[in-house]
Amino acid sequence: MADTTEMLRGILIDLKIGISLLTRLPLAPKAPLDEGEVARASWTFPVAGFLVGLAGGVTYWLANRLHIQPEPAVALALVVTALFTGAMHEDGLADMADGLGGKSPEQRLQIMRDSRIGTFGASALVLSFLLRWSALGEIGEIADIRTVVIALIVAHTVSRAVLPAFMYLVPPARAEGLSTSAGRPPGQSVAIALALGILCLLFAFGPKLAMIALLILALAALVLARVAVRQIGGQTGDVLGALQQIGEATLLVIAAAML
């Protein structure tokens with residue numbers, strides 16, 4: 001009984017850490033986090049993604065109930081998901097895009113630390129929002145509300161389920177920073193996160209389409225890993241944000257294409 005209570009307590013702590021890290025929900029324990037706690041809790045990243053996707057889905061449903069057309073309804077859903085996360089992943093995508101314009105790894109990392117947004121970053125953000133908006137708008141035009149809600153939940157859940165594996169396989173680029181301080185996730189956390197993502201894909205897409213989506217996501221992650229290692233020496237929090245955005249947009253485009 002004591003072991004079960006302790007296990008449940010550990011699960012609850014991990015959920016608080018993971019959800020508070022990837023969303024604006026103030027759930028983190030008040031005490032400072034010990035080294036490795038974020039890495040251990042990384043299995044909860046897809047759970048946080050589920051909540052973000054659910055918030056977007058509820059927004060789309062409410063907009064539809066108010067007789068708002070699919071395109072503006074999708075725009076509202078995207079706004080809510082960005083607000084729900086504090087646009088942290090969008091910020092990471094923009095910072096990485098700007099950083100790649102540097103001439104050396106050191107300069108690229110320095111640019112990525114700059115809070116100002118440049119041409120590459122702005123272009124990456126516009127492309128990300130356009131891809132997601134157009135894909136969801138297409139789904140809304142063809143399918144029912146339920147399909148759009150499921151697409152949002154799947155895209156946000158699965159795009160975060162791959163983050164622990166990326167953190168495990170790709171070394172940090174800096175000696176300090178969010179990704180470095182988080183630590184390397186244990187294999188168990190990586191496996192649980194991937195399992196949650198795969199189950200979500202199987203439920204929504206079915207075996208064949210789920211396999212296609214997994215292969216495309218794996219290829220995208222490999223390309224991003226190669227770019228990150230060659231250009232800046234490894235992964236950072238910004239690279240992880242870029243991976244989430246790429247994964248989310250990819251899954252939504254796949255869902256729209258297969259309808």
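Restricted to segment 211-239, and to residues that are in contact with a Ser or Thr (Cβ under 9 Å, 6 or more places away or on another chain) and open to solvent by 20 Å² or more (accessible area, probe 1.4 Å), which residue is farthest from Pro172 (Cα to Cα)?
Kept after step one, since they are in contact with a Ser or Thr (Cβ under 9 Å, 6 or more places away or on another chain), are these residues of segment 211-239: 213, 216-217, 220, 228, 234-239.
Among the residues that remain, those that are also open to solvent by 20 Å² or more (accessible area, probe 1.4 Å) are: 216, 220, 237-238.
Values: Ile216: 24, Ala220: 19, Gly237: 9, Asp238: 11 Å.
Result: Ile216.
Can you tell me which residue in segment 136-162 is most open to solvent (accessible area, probe 1.4 Å), limited to those that are part of a helix (DSSP H, G or I) and among the acidic types (Asp, Glu)?
From segment 136-162, those part of a helix (DSSP H, G or I) are 136-142, 145-161; that's our starting set.
Filter once more, keeping what is among the acidic types (Asp, Glu): 138, 141.
Details: Glu138: 88, Glu141: 107 Å².
Ranking the qualifying residues of segment 136-162, first place goes to Glu141.
Filtered by the rule that a residue be free of Cβ contacts under 8 Å to residues at least 24 places away in the same chain and over 18 Å from the mean Cα position of the chain (by Cα), segment 204-234 gives Gly206, Pro207, Lys208, Met211, Arg226, Arg230.
Is it the case that Gly237 is under 14 Å from the mean Cα position of the chain (by Cα), closer than 22 Å to Leu136 by Cβ and not hydroxyl-bearing (Ser, Thr, Tyr)? Before the answer, list the steps.
Details: under 14 Å from the mean Cα position of the chain (by Cα): yes; closer than 22 Å to Leu136 by Cβ: no; not hydroxyl-bearing (Ser, Thr, Tyr): yes.
Judged against the criteria, Gly237 is not a match.
I'd like the full set of residues that are under 21 Å from Ile19 (Cβ atoms) and either open to solvent by 40 Å² or more (accessible area, probe 1.4 Å) or at pLDDT 95 or above (or both), limited to segment 168-183. Selection gives Tyr168, Leu178, Ser181.
Exactly one residue out of Ile111, Ile153, Ile142 is more than 30 Å from Leu62 (Cα to Cα) and hydrophobic (A, V, I, L, M, F, W, C), and it is Ile111.
Residues of segment 68-96 being among the aliphatic types (A, V, I, L, M) and surrounded by fewer than 21 Cβ atoms within 10 Å (Cβ to Cβ), which ones? First the steps, then the outcome.
Keep residues of segment 68-96 that are among the aliphatic types (A, V, I, L, M), which gives 68, 73-80, 82-83, 87-88, 93-94, 96.
Result: Ile68, Ala75, Leu76, Leu78, Val79, Val80, Ala82, Leu83, Ala87, Met88.
If the condition is being over 11 Å from Ile192 (Cβ atoms) and either at pLDDT below 95 or within 11 Å of the chain's Cα centre (by Cα) (or both), then segment 35-52 contributes Glu35, Gly36, Glu37, Val38, Ala39, Ala48, Gly49, Phe50, Val52.
The values are calculated or read from the model by the stated rules, or taken from the named source; none is laboratory data. The structure displayed is predicted, hence computed values, not measured ones. Positions of Cβ are generated from backbone atoms using ideal geometry, with glycine treated the same way; all protein chains shown enter the neighbour counts. In case anyone asks, the SASA skips ligands and DNA or RNA and just uses the protein heavy atoms, side chains included. Shrake-Rupley method; radii C 1.70, N 1.55, O 1.52, S 1.80 Å.
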